[in-house]
Amino acid sequence: MASPSRPRQRIKVTPASTAGNYDQDDDDHVHAIYQSPNSRSALERVLDTPQASAAMVGVLTAIAFALRFYKINQPDQVVFDEVHFGKFASFYITREYYFDVHPPFAKLLFGLTGWFVGFDGHFTFENIGDSYTDNHVPYVGMRALPAILGSLTISVVYAIMKETGYSTIIAAFSACIILFDNAHIAQSRLILLDATLVFFMSLTIYSYVRFRKLRYWEFTVEWWSWLIATGFFMACTWGAKVNGILTVAAIGIAVLVDLWDILDHKKGFTMEHFWKHFMARAVGLIVVPFIIYLSFFYVHFAVLTRSGTGDSFMSPAFQETLIGNELLMNSQELRYFDVVTMKHKDTKVYLHSHPDHYPLQYDDGRISSQGQQVTGYGHDDTNNHWQIIPTKALPEAGRGRIVRHDDVIQLLHISTQTLLLTHDVASPLMPTNQEFTTWPKDDHSRHNDTLFYLNIIDADSEDPWKSKSSYFRLVHGPTRVSMWTHSKQLPEWAFKQQEINGNKNPTEKSATWFVDQVISTESPEGLSGEQVPKEPKKISFFRKFAELQLLMLQHNAGLTSSHPYASGPINWPFLISGISFWTENDAQKQIYLIGNIVGWWTCVIALSIYVGIMGADLLARRRGIEPIPDAARGRLWNSAGFFLLIWAIHYLPFFLMSRQLFIHHYLPSHLASALLAGSVLSFILSDTVNYPISIVGRWTKLRKSEYADLGMKGPVVVGVFTFILFLMFVYMAPLTYGTPGLDGETVNAKRLLSSWTLHFAAKETAEVS
Amino acid sequence: MRPSQVQIDFGTPPGTPPRTSSEFEEIPYPVTHPSYFKTVHSYKHEESLPLHHMNEDTSTRRRVARGPGSSGGFMSGDEHESEMHYDDDGKDVYSKPSPARSRVSSGRVHRPPPPPPTSISEFISQNLEHLPPVIYTLLSCWTRFHKIGHANTVVWDEAHFGKFGSHYLKREFYFDVHPPLGKMLVGLAGLLSGYNGNFEFKSGVVYDESVPYVAMRVMMATFGVALVPLGWYTAVELGMSSWSCHLVALMVLCDVAWLAISRFILLDSMLLFFTFTTVFLLTKFHNQQYQSFSFDWWMWLAFTGISIGCVTSVKWIGLFVTAVVGLYTIEDLWEKFGDLRMTNRDQIRHWAARVLCLIILPILVYMLSFKLHFMILNHSGPGDSTMSSLFQAHLEIAFGSRVTLKGMGWGGGLLHSHVQTYPVGSGQQQVTCYHYKDDNNHWTILPTWEAPEYNPNGELQFLQDGDVIRLQHVPTTRHLHSHTVAAPVTKLNNEVSGYGNSTVVDDIKQGPREHVTKIHSLTTRLRFKHQALGCYLYAANAVLPQWGFKQLEVSCTKEDNPDDMHTYWNVESHWNDRLPLGDAKFYKSPFLRDFWHLNVAMMTSNNALIPDPDKEDILASAPTDWPWMRLGLRMCGWGDNQTKYYLLGTPVIWWGGTVSLIVFVIVLGIYLFRHQRKYIDMTLQQWNHFLYVGKIAGYGWFLHYVPFFIMGRVTYVHHYLPTLYFSVLMFAHLLDHFIFSARWKDSTKRVAFGICAFLIVGNFWWFRGMAWGIDGPINDHWGLLWRKTWNIYNA
């Protein structure tokens, strides 16, 4: 409990400083504080030398390389998402356009690696289990890239901890959690994006820590370099995978807190000073990353110049920029009196009519107009042919006869010689929508009802109507409904064809149609088939970029279909379930993505201990008790708090996402939690910290230095822990490396949690009865 | 804590520099410092506080409690009272425990109780302040009751809630996603008005002569009437100026959506009422904070708890307002926790009081409503299947029995099948779990194909543990079947389907006791194990997509986990003509189990109310549509001869509220920013008041709005109505802050008030037809379409 003088004691602390100065006279912890580097234990002194540190990081990295490259050629088959990312790499080599929800940086790296190791891009990674050796794919070279990045991640993690002021042995502890982690290893031995993501994310953290340590040396060259390096790596993280945006958010929040501190009047800075800081961060962390992010896309578009699998995702204008694109080849301007077929964009049915009429009365008792049926039909047929009839005077020839945006047209059904019409009669299936029918061409009594506005999407006035590439809505003149269809079938009387009706929303998104074929034309160019290939059009990079970004966002949100190995975020930290990446029946081999259960649970425990310590500290200080020495508390709140922030920002948003989620989405968070585990271990073992760690500047108040000392117990605890970690890793290794094959009993033994769905498990024979 | 440390402080003598937080060593600001004069000024002003004779000139910005009641105690030598003079002087108030600032500085200003009246005129003048709310209440009676029986048809959700009310009168068990209190009150209204419970409440149908619907509506509308005085007194308790109190009352009175929703047999008027009472009681309690553990303090705290219990028992949306109270309490306790001068005993008492009144009491109220529910509804009805215990007839199950099987997992339904087939997987007939009684839940127990065929006249053969049986679906004569096709949702399990003639299910029973030989309906829990695959029939709370009518998925799990309740079933209903009747009183299930079970079932059903992507629901709206009133809701048919009601707010209230929320966030940001740069805009007291009201309104709005984005279920515009209250409070608060309590001339305030009141009343009058009913062709009524997205007119 508090001594009488305690509440006053607190006042001496300068609350604004990141870590208060330490008052020696009045604390129980004094015996544990080392203010001279030489009073520490001999072991700590040895480990703290740069040589020891270098040796440590060298050894760790070497082991990391060994573990990640071990049997990297196994399996020589396509594994899990290599289906996608291998394919995308090959598209960069063949330069065919593709579409993916992730930004292109990591895939560009794979493409580059593939090109570098001589991959010709002709293997398409169609199915999981396709053989690489049979198809002569230099897959080892491509897998080497994530393996290298994954190995280097270990050194970066070590460096982060070291820079944050922890002992060598603590840094090694955090690094080992990643080093011997089955999930990180499995993910970095295959052609997947996560190794790149995690590597650049750790580099971002490292740079930011370096930048932050220079805060008393603002606007120096070094300060600027680390600021820009943070921005650069941030862009790479974001560019590797779309979840990299979370790293941006995490750094963003840290920067905002930082700026808020600078704003504090007690710091004595002027507003000019603040704005200078603000602008510097805006440049370093917004402008620079954005330019780099843009440049990835610039390269992406520059490389992918041919038509490919991604065409159909893009707008017609975009598609026309690709060499060999169908739209580019076949699109032509439409003229009045051309005969065309029209298709609905979403359901791909033709606008169709036939001599049969709507029945007088439907099953639900509603009455129809008994007009000729207009339906959607999926197959080619002469009943799909419609002629474009003008409603204005036309010149004899020339470009005046081209149909343009906002023109009022009539559509003549060729085989029955009737005009398309809609009126205020409920459609067969939907009482809310208007019926579509036709009207004899020569009967002018209902001329007005046959008039339709041609509304080409994203077009300016005067833009011509083009086949294939112009998406349009057909909006009825008098009633303003748009021609629409949906995937419901009409009953037998309409031969189960699709209903076409008028949607009351004239700008309905799904009421989009396009001209599929031009059957006959009076255009001087004739029908498109006879044309020579055209030059691809050009549109500005920014338009392409904006379009692709929007599509990526939409598709990312749209990935909601269920997947057998998808799992909810709450399961991840506890390793409730993994992902089966690949199996081979003959040898009973399998790769199962699952983390090292010792390492992951340690991280979870560390997280809860941290939250507990912080909560207790908060409560205690609220009651005027200060249980933790100031330097150590500063370290816990600031650096470990930063790690917690990174963990939370990379984890919690997944709870809000409704898309498919997999355990590998947790890997960045896991890295952050490994950093936090190091901080917590350091705090548990000793009250001492290395302090101060920020580089002392001109105005910094000089405070007494402190030195961390874990003594003997540090290396012992970490050594024992690492040994257990390593044993667990080795035990699970067959699932990570996919070799050797396992018999059923062994699989059962390795199924540590009953929720893991391993293959080739032996049948459990015992039954309850 | 040693006694010597308790410092009783009666304030510093006037004239000395203002004391700053706890830092006694701190050097006072130099006289030239810009904050100096301000703080001294405010300090002097506060010194005069207990004298309560304030005029607006000396306290321009502070709210003036003119109209409000004068309950509460006297500001006397309470220990904490002096602390309100503390002024942190804009220093770092975040990182250090502030010296037990009591929150008396926010909320209503206290005045001593007036002396007892000696004459009538004195009595009148003392209570004159209650005149405006009385007038407003009378006005609200008029708006709420005016033409209330005009539409003699079942309007909108009266179809549901009227029907549920009937169930109480007929005492039949039913199932609904909402807790029972509101519906019991509907039933009570029916009882009081002499309704016999036999009307079907089909949507749009004209009321029978036997249904006293006007009386029932009036009783529901009474809750709506009460909103107005509650709004007024809440504003008073929040310490708003009398101008703002008038505005709050006017807005509550004149909002067309609140009006329309209160006029029918719906739960919303009760939900709104209890939401309003909760906020009111909370503010009332807040104003007792200076006299902890006094009788008043206890009373308002307990009332707050009861009100929380009631609001949650009407609809679960009430949990949001509970969260507001929770946040307030956490913050309050945190402040108390940091008060080093408070004794440990008091600390514990504070905590215990909160736990008792705000946790235990509401739970008791909530459970009491369910207890009443179960007590009233003791007859079998259409909702039985959601409850685990039933009113069945026969005991032991034999071959040839017709049974319904109920999943034992929380919220499990009855094993169900229907002619529709799986669109994925095998394409065979669907087998699901369904919460309502239906013939499609019936299954017959038959022996295997290999065994001799079931002989209806042969010896009665009771079912035993380990018997191999066939389960035949009665209406379709399909058999329960499973095969190694992945189930549609739980992909790791096998699909269960209805399939031609196949022998499939074998039976493992785990009774409550060992050595059970016969299977009893209800009391025996059993598991079904597939004979060939060895998997267990399993129904967790996975909801099938639209093609499965959002019913629960049934699958066959390969895992043999005897602890998994989702693999257990019991026989719920049982028909076998050859068996004697059972004794129903053996089956009384404990209340707590029923309570918990029903709540889980409600949760499951509530989550299954997700929007159907294939079908555009014209009534549904997204949360983003609400604050700007993008959409209204047609409450009934739109024919020319029908009386039409359109659920739409008064635009100026909705839009003003939304704008004020945005403005508040911006203004708060600016104040914080300036604070960080040490600009003093307000005295600490003003700042506390600004924050306190802003927090109540802001948290309230946020907590009532944001969860709708996370919830998967389909949302309607009336879900915004409780939320609207908080935006109304915020609107009034900001007007108060910037106009009515600020340094403006009285004439300016009068003009501003006039404009606001005119806009509110004018808007209301313009749209009054939406709530009072529009007769004749809608397109004849001109000028209602203020936004193009409203579907008022027939296109």
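The values are calculated or read from the model by the stated rules, or taken from the named source; none is laboratory data. Model, not experiment: these values are computed from the prediction. Reconstructed Cβ throughout: ideal geometry from the backbone, glycine too, with neighbour counts over all protein chains shown. When the accessible area is computed, the model is the full protein with side chains, heavy atoms only, and any ligands, DNA or RNA have been set aside. Shrake-Rupley method; radii C 1.70, N 1.55, O 1.52, S 1.80 Å.
Condition first: within 14 Å of another protein chain (Cβ to nearest Cβ) and crowded, with 16+ Cβ neighbours inside 10 Å. Can you find one or more residues in the range B:688-703 that meet it?
Of all residues in the range B:688-703, those within 14 Å of another protein chain (Cβ to nearest Cβ) come to none.
There is no residue in the range B:688-703 that is within 14 Å of another protein chain (Cβ to nearest Cβ) and crowded, with 16+ Cβ neighbours inside 10 Å.
Check whether at least one residue in the range A:431-438 is free of Cβ contacts under 8 Å to residues at least 60 places away in the same chain and within 29 Å of B:Trp638 (Cα to Cα), and report yes or no.
Among the residues of the range A:431-438, not one is free of Cβ contacts under 8 Å to residues at least 60 places away in the same chain and within 29 Å of B:Trp638 (Cα to Cα), which makes the answer no.
Given the conditions (1) within 14 Å of another protein chain (Cβ to nearest Cβ); (2) in contact (Cβ under 8 Å) with a residue 12 or more places away in the chain, which single one is not true for B:Arg677?
Condition (2) is where B:Arg677 drops out.
Might you check whether a residue that is crowded, with 23+ Cβ neighbours inside 10 Å, over 30 Å from A:Phe125 (Cα atoms) and in contact (Cβ under 8 Å) with a residue 60 or more places away in the chain occurs anywhere in the range A:224-233?
Checking the range A:224-233: at least one residue is crowded, with 23+ Cβ neighbours inside 10 Å, over 30 Å from A:Phe125 (Cα atoms) and in contact (Cβ under 8 Å) with a residue 60 or more places away in the chain.
Is it true that some residue in the range B:753-774 is of a type in the set (Val, Ile, Thr), touching a strand residue (DSSP E or B) at 6+ places or on another chain (Cβ under 8 Å) and assigned to a loop (DSSP other than H, G, I, E, B)? Walk me through how you get there before you give the answer.
Restricting attention to the range B:753-774, the residues satisfying the condition of being of a type in the set (Val, Ile, Thr) are B:755, B:760-761, B:774.
Then keep just the ones that are touching a strand residue (DSSP E or B) at 6+ places or on another chain (Cβ under 8 Å); that gives B:774.
Among the residues that remain, those that are also assigned to a loop (DSSP other than H, G, I, E, B) are: none.
No: the range B:753-774 contains no residue that is of a type in the set (Val, Ile, Thr), touching a strand residue (DSSP E or B) at 6+ places or on another chain (Cβ under 8 Å) and assigned to a loop (DSSP other than H, G, I, E, B).
List the residue pairs whose Cβ atoms are under 9 Å apart, where the first residue sits in the range A:102-119 and is closer than 15 Å to A:Ile292 by Cα, the second is among the small types (Gly, Ala, Ser) and open to solvent by 40 Å² or more (accessible area, probe 1.4 Å), and the two are 6 or more positions apart or on different chains.
none
Restricting to the range A:75-96, count the residues that are under 19 Å from the mean Cα position of the chain (by Cα) and in contact (Cβ under 8 Å) with a residue 60 or more places away in the chain.
6
State all residues of the range A:650-677 that are closer than 16 Å to A:Val611 by Cβ and of a type outside the set (Phe, Trp, Tyr); if no residue qualifies, say none.
A:Leu652, A:Ser669, A:Ala672, A:Ser673, A:Leu675, A:Leu676, A:Ala677
Within the range B:424-433, does at least one residue satisfy the condition of being in a loop (DSSP other than H, G, I, E, B), over 24 Å from B:Arg525 (Cβ atoms), within 14 Å of chain A (Cβ to nearest Cβ) and in contact (Cβ under 8 Å) with a residue 12 or more places away in the chain?
The first filter runs over the range B:424-433 and keeps only residues in a loop (DSSP other than H, G, I, E, B), leaving B:424-428.
Going one step further and asking which of them are over 24 Å from B:Arg525 (Cβ atoms), we end up with B:424-428.
Going one step further and asking which of them are within 14 Å of chain A (Cβ to nearest Cβ), we end up with B:424-425.
Then drop every residue that is not in contact (Cβ under 8 Å) with a residue 12 or more places away in the chain, which leaves B:424-425.
Checking the range B:424-433: at least one residue is in a loop (DSSP other than H, G, I, E, B), over 24 Å from B:Arg525 (Cβ atoms), within 14 Å of chain A (Cβ to nearest Cβ) and in contact (Cβ under 8 Å) with a residue 12 or more places away in the chain.
So is B:Leu724 modelled with pLDDT of 85 or more and closer than 30 Å to B:Trp638 by Cα or not?
Criteria met by B:Leu724.
So A:Leu710 clears everything in (1) closer than 24 Å to A:Phe643 by Cα; (2) open to solvent by less than 20 Å² (accessible area, probe 1.4 Å); (3) within 14 Å of chain B (Cβ to nearest Cβ) except one condition, right? Which one?
(3)
Residue by residue, here is whether (1) among the aliphatic types (A, V, I, L, M); (2) open to solvent by less than 60 Å² (accessible area, probe 1.4 Å); (3) out of contact with any strand residue (DSSP E or B) (no Cβ under 8 Å at 6 or more places or on another chain) holds:
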| residue | (1), (2), (3) |
| --- | --- |
| A:Ala250 | yes, yes, yes |
| A:Leu256 | yes, no, yes |
| A:Trp275 | no, no, yes |
| A:Met279 | yes, no, yes |
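Here are some conditions: (1) closer than 26 Å to A:Met728 by Cβ; (2) open to solvent by 20 Å² or more (accessible area, probe 1.4 Å); (3) in contact with a Phe, Trp or Tyr (Cβ under 6 Å, 6 or more places away or on another chain). A:Arg210 meets all but one. Which one does it not meet?
Only one criterion is unmet by A:Arg210, namely (1).
Residue-by-condition table, conditions (1) over 28 Å from B:Ile317 (Cα atoms); (2) within 27 Å of the chain's Cα centre (by Cα); (3) within 14 Å of another protein chain (Cβ to nearest Cβ); (4) modelled with pLDDT of 75 or more:
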| site | (1), (2), (3), (4) |
| --- | --- |
| B:Asp560 | yes, no, yes, no |
| B:Ser573 | yes, no, no, no |
| B:Leu579 | yes, no, no, no |
| B:Asp583 | yes, no, no, no |
| B:Lys588 | yes, no, no, no |
| B:Leu592 | no, yes, no, yes |
| B:Phe595 | no, yes, no, yes |
| B:Leu598 | no, yes, no, yes |
| B:Met603 | no, yes, no, yes |
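Here is a yes/no grid of residues against (1) open to solvent by 50 Å² or more (accessible area, probe 1.4 Å); (2) touching a Lys or Arg at 6+ places or on another chain (Cβ under 7 Å); (3) in a helix (DSSP H, G or I):
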site: A:Pro715; (1), (2), (3): no, no, yes
site: A:Phe729; (1), (2), (3): no, no, yes
site: A:Leu735; (1), (2), (3): no, yes, yes
site: A:Thr739; (1), (2), (3): no, yes, no
site: A:His759; (1), (2), (3): yes, no, no
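Yes or no: B:Gly669 open to solvent by 10 Å² or more (accessible area, probe 1.4 Å), within 14 Å of chain A (Cβ to nearest Cβ) and modelled with pLDDT of 90 or more?
In short, yes.
Could you check how many residues of the range A:556-583 are modelled with pLDDT of 85 or more, of a type outside the set (Ser, Thr, Tyr) and not in a loop (DSSP other than H, G, I, E, B)?
6
Tally time: how many residues in the range B:310-328 are closer than 19 Å to B:Trp297 by Cβ and surrounded by fewer than 20 Cβ atoms within 10 Å (Cβ to Cβ)? Lay out the reasoning, then the answer.
Let us first name the residues in the range B:310-328 that are closer than 19 Å to B:Trp297 by Cβ, namely B:325-326, B:328.
In the following step, the residues that additionally are surrounded by fewer than 20 Cβ atoms within 10 Å (Cβ to Cβ) were identified as B:326.
Residues that pass the stated criteria total 1.
Would you please name the residue that is surrounded by the most Cβ atoms within 10 Å (Cβ to Cβ), looking only at residues in the range B:199-239 that are without any contact (Cβ under 8 Å) to a residue 24 or more places away in the chain and among the charged types (D, E, K, R)?
Here the answer is B:Asp208.
Any chance the range A:660-671 includes a residue that's among the aromatic types (Phe, Trp, Tyr), in contact (Cβ under 8 Å) with a residue 12 or more places away in the chain and within 14 Å of chain B (Cβ to nearest Cβ)?
Among the residues of the range A:660-671, not one is among the aromatic types (Phe, Trp, Tyr), in contact (Cβ under 8 Å) with a residue 12 or more places away in the chain and within 14 Å of chain B (Cβ to nearest Cβ), which makes the answer no.
Residues in the range A:693-706: is at least one more than 14 Å from chain B (Cβ to nearest Cβ), open to solvent by 30 Å² or more (accessible area, probe 1.4 Å), modelled with pLDDT of 85 or more and over 30 Å from A:Thr583 (Cα atoms)?
In the first step, residues of the range A:693-706 are kept if they are more than 14 Å from chain B (Cβ to nearest Cβ); the result is A:693-706.
Filter once more, so that each one left must be open to solvent by 30 Å² or more (accessible area, probe 1.4 Å): A:693, A:695-696, A:698-699, A:701-705.
Those left that are additionally modelled with pLDDT of 85 or more: none.
For the range A:693-706, residues more than 14 Å from chain B (Cβ to nearest Cβ), open to solvent by 30 Å² or more (accessible area, probe 1.4 Å), modelled with pLDDT of 85 or more and over 30 Å from A:Thr583 (Cα atoms): absent.
Cβ-Cβ under 8 Å, sequence separation 6+ or interchain: first residue in the range A:189-200 and on the phi < 0 side of the Ramachandran plot, partner in a helix (DSSP H, G or I) and acidic (Asp, Glu). Which pairs?
Going by the 8 Å Cβ cut-off, the qualifying pairs are A:Leu190/A:Glu82; A:Ile191/A:Glu82; A:Leu192/A:Glu82.
Among residues belonging to the range A:640-660 that are modelled with pLDDT under 90 and assigned to a helix (DSSP H, G or I), point out the one that is surrounded by the fewest Cβ atoms within 10 Å (Cβ to Cβ).
For the range A:640-660, the residue satisfying everything is A:Leu656.
Of everything in the range B:540-574, what is polar (S, T, N, Q), under 27 Å from B:Leu463 (Cα atoms) and not in a loop (DSSP other than H, G, I, E, B)? Give them in sequence order.
Across the range B:540-574, the qualifying residues are B:Ser555, B:Thr557, B:Thr567, B:Asn570, B:Ser573.
Exactly one of these conditions fails for B:Leu661: (1) within 12 Å of another protein chain (Cβ to nearest Cβ); (2) in a helix (DSSP H, G or I). Give me its number.
Single failed check for B:Leu661: (1).
Quick one: which strands (runs of 3 or more DSSP E) sit completely within the range A:308-420 and have at least 1 residues that are open to solvent by 50 Å² or more (accessible area, probe 1.4 Å) and in contact (Cβ under 8 Å) with a residue 12 or more places away in the chain? Write out each step before concluding.
Working: elements: A:339-344, A:350-357, A:372-377, A:386-390, A:408-413.
In the range A:308-420, A:350-357, A:372-377 are the strands (runs of 3 or more DSSP E) which contain 1 or more residues that are open to solvent by 50 Å² or more (accessible area, probe 1.4 Å) and in contact (Cβ under 8 Å) with a residue 12 or more places away in the chain.
Of the numbered conditions (1) in a loop (DSSP other than H, G, I, E, B); (2) more than 14 Å from every other protein chain (Cβ to nearest Cβ), A:Gly678 satisfies every one except a single condition; which is it?
Among (1) in a loop (DSSP other than H, G, I, E, B); (2) more than 14 Å from every other protein chain (Cβ to nearest Cβ), the lone unmet condition for A:Gly678 is (1).
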